[in-house]
Amino acid sequence: MTRVELDCRRLLCPLPVIRVQDRVAGLQPGDELEAVCSDPGALQDIPAWCRINGHEVIGTHSADGDHFIVMRVGKT
């Protein structure tokens, strides 16, 4: 299992979701991805994308103006 961080700061919708989608394409099922975003909309957009595409959101939180979404890659 691999865990990677993806910096999506200073990107506005839909770019954080697109960057997550592109990065997930290179990962294996079970790998974890942590997206760090400055756009608060990513807290809804990325989990919605995960539900549609069969990935699991492990957790979300915000700190110091950044928003963190941790997900586990499902079957791609």
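The values are calculated or read from the model by the stated rules, or taken from the named source; none is laboratory data. All values reported here derive from a predicted model rather than from experimental measurement. Cβ coordinates were reconstructed from backbone atoms using ideal geometry, including for glycine residues, and neighbour counts include every protein chain displayed. Remember, those area values only see protein heavy atoms, side chains included, never the ligands or the DNA or RNA. Shrake-Rupley method; radii C 1.70, N 1.55, O 1.52, S 1.80 Å.
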_Tally, over the range 9-22, of residues that are free of Cβ contacts under 8 Å to residues at least 40 places away in the same chain and more than 9 Å from the chain's Cα centre (by Cα)_ = 8
_Filter result for His61 (loosely packed, with under 12 Cβ neighbours inside 10 Å and assigned to a strand (DSSP E or B))_ = yes
*Mind listing whichever residues of the range 6-57 are in contact with a Leu (Cβ under 9 Å, 6 or more places away or on another chain) and part of a loop (DSSP other than H, G, I, E, B)?*
Leu27, Ser38, Asp39, Gly41, His55
_Looking only at the range 35-58, count every residue that is open to solvent by 20 Å² or more (accessible area, probe 1.4 Å), of a type in the set (Gly, Ala, Ser) and under 17 Å from Val24 (Cα atoms) and tell me the total._
2
